[in-house]
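Student: Next up is a structure, given as structure tokens.
The values are calculated or read from the model by the stated rules, or taken from the named source; none is laboratory data. No experiment lies behind these values; they were computed from the predicted model shown. Cβ: placed from backbone, ideal geometry, glycine included. Neighbour counts: every protein chain shown.
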Amino acid sequence: MSRERIAAGAAVGGALSVQVGAAVGATIFPLVGPAGVVALRQAVAAIALLAVARPHLRRLHGSSVRPSVLLGLVLVVMNLTLYGAVERIGLGLAVTLEFLGPLAVALLGSRRRLDLACAVIAGTGVVLLTGTVPGLDPVGVLLGLIAAAAWAAYILLSQRAGRTLPGIGGTAVASLVAAILTSPLLVIALIGLAPQQLLHVAVVGLAAGILSSALPYSIDLIVLRWLPRPLFGVLQSVHPAAAAVAGLVVLGQSLGPWQIAGLVLITAGNAIAVGRAAPAAAPPAPLGTGEARALG
């Protein structure tokens, strides 16, 4: 089995982990709200990743740590807007809108017809998922689109952070930045909760943090060293399908026939991309000077 195919399978597994964790985290919205869930996720992710990565302080100089700091900022925006959208329009639709970010990365950056074809198939599924739902909350839609732009930036910065810091050091630093920025939200969310509620929030937050942040962010950082960015963007098409299923099973959010058809197309596009991944594909080329300036 080729390295690229293994990486593609890992990317799909990471996507499934994200959406199960997101659904689990959404169950404590009534207690801590979307912002509280995001803060919990980031705190858990930072503790877990720093314990594993143990980045050397001598290596954390300006040029090496800058992409990770920017990645931390993007994580905050991406997660706050996504959970805000989930609260308003449901997990499946929120993640479907967010998927427009990696889909755009796939369409704009691909040089292979296969990637473009898979992106079109998955994009058609996105249209079926969103276009068949009447009366969508416009604020929820806007938050989902902001999350999409942040997700596209996340892909670019994860790749850059993976090159400047070894192992999962880039993800660990990014999670620490995100945890620091969201820590006031966590304090506010926990004020006034009873001891039993605090215990429940802590357990759910731990599960959501590991499943939705620590594990998949580490997978993405490593996978982006092996996969071309466009192919990685196509593989993210599993997110809307995984989110819709997780929303149904965990949160009881039902799906209509057209939405199910959309999920089938999204899954098909993803399966084709994984199954036909080129064995000899080269790792992504280093960023050009102009792109490095734009991201740095």
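Student: Go over the candidates Ser175, Ser183, Ser212 one by one and state the one that is at pLDDT 80 or above, out of contact with any Cys (no Cβ under 7 Å at 6 or more places or on another chain), surrounded by fewer than 20 Cβ atoms within 10 Å (Cβ to Cβ) and among the hydroxyl-bearing types (Ser, Thr, Tyr).
Tutor: Going through Ser175, Ser183, Ser212 in turn, the sole match is Ser183.
Student: Given the options Leu255, Leu251, Leu198, Leu186, name the one that is in contact (Cβ under 8 Å) with a residue 40 or more places away in the chain and either within 15 Å of the chain's Cα centre (by Cα) or more than 20 Å from Gly90 (Cα to Cα) (or both).
Tutor: Just a single option satisfies the conditions, and that option is Leu186.
Student: Between Val12, Val95, which is among the aliphatic types (A, V, I, L, M), crowded, with 24+ Cβ neighbours inside 10 Å, at pLDDT below 85 and in a helix (DSSP H, G or I)?
Tutor: Every option except Val95 fails the conditions.
Student: Might you check whether a residue that is at pLDDT 90 or above and in contact with a Lys or Arg (Cβ under 8 Å, 6 or more places away or on another chain) occurs anywhere in segment 143-160?
Tutor: yes
Student: So Gln196 fits all but one of (1) under 22 Å from Leu73 (Cβ atoms); (2) at pLDDT 85 or above; what number is the exception?
Tutor: (1)
Student: Return the total of residues in segment 68-88 being of a type in the set (Val, Ile, Thr) and buried (at least 24 other Cβ atoms within 10 Å of the Cβ).
Tutor: 2
Student: Can you tell me which of Ala45, Ala7 is under 28 Å from Leu248 (Cβ atoms), in contact (Cβ under 8 Å) with a residue 24 or more places away in the chain and assigned to a helix (DSSP H, G or I)?
Tutor: Answer to the check: Ala45.
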